[in-house]
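Okay, so here's the structure we're looking at.
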Amino acid sequence: MANLSNIARPYALAAFEYARDHDALPAWKDFLESAAFYASYPAVLTFMKNAECRSEQLFDLFHELLASKLDAERKNFLVLLSQNNRLNVLPEIASAFNAHYAALLKTSNVRVVTATEAEASFKQKLTETLTKRIQREVTLQCEVDPSLIGGAIIYIGDRVIDGSIRGKLSRLLVSLTG
């Protein structure tokens, strides 16, 4: 089975380019994030996985759920996804669309996982450093994972910087046993 992000990429790019060219990026972002939310909802997932469920029924469901966010173009987008049995890919489409949007705005969401709650001064310094390094406005999303023991893991797009104690210990173990 194909990777869902590979399937989502052309849909997201087409939606992004259309929205950009028609000055409708915020509306499309809102629409796709709402659609992704509904596509991830457990009851909707169950309905989509039902073999007896037809694409028209799925379209009707999403059309009803997203009625307040639809215009002719977004409705056509849903029709296209429905006809190609791709409504299940909406979360990946929204994610890829948001990546295109962030690139346009020269912003980057950076996920930082630390062993303990990071202090405000650390967050500020990290934001400044990353902004200079990647030459984009940075928004930090901080998480705590005590299993790291200490240090941090930083996720910037598809790049990972592992400065955690657990990561260092794992690399040491591999070098000693390898």
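General remarks:
- Flag if LEU58 is buried (at least 17 other Cβ atoms within 10 Å of the Cβ) and either of a type in the set (A, V, I, L, M, F, W, C) or touching a residue at least 60 places away in the same chain (Cβ under 8 Å) (or both): yes
- Qualifying position, being at pLDDT 95 or above, under 15 Å from the mean Cα position of the chain (by Cα) and under 17 Å from ALA96 (Cβ atoms), among ALA19, ALA36, ALA14: ALA36
- Cβ-Cβ under 6 Å pairs, at least 6 apart or on other chains, the range 127-150 side assigned by TED's automatic domain parsing to the domain that holds VAL112 and closer than 15 Å to ILE161 by Cβ, far side assigned to a strand (DSSP E or B) and among the aromatic types (Phe, Trp, Tyr): none
- Of the strands (runs of 3 or more DSSP E) lying entirely inside the range 82-172, the ones with 1 or more residues being out of contact with any Phe, Trp or Tyr (no Cβ under 6 Å at 6 or more places or on another chain) and surrounded by 18 or more Cβ atoms within 10 Å (Cβ to Cβ) are found at 107-114, 137-144, 152-156.
- Single condition THR177 does not satisfy, out of (1) over 30 Å from ALA19 (Cβ atoms); (2) modelled with pLDDT of 90 or more: (2)
- Among all residues of the range 31-51, there is at least one that is touching a residue at least 40 places away in the same chain (Cβ under 8 Å), within 18 Å of LEU104 (Cα to Cα) and not charged (D, E, K, R).
The values are calculated or read from the model by the stated rules, or taken from the named source; none is laboratory data. Every value quoted in this text rests on a predicted model; they were computed, and no experiment measured them. Heads up, the Cβs are rebuilt from the backbone with ideal geometry, glycines too, and the neighbour counts pull from every protein chain shown.
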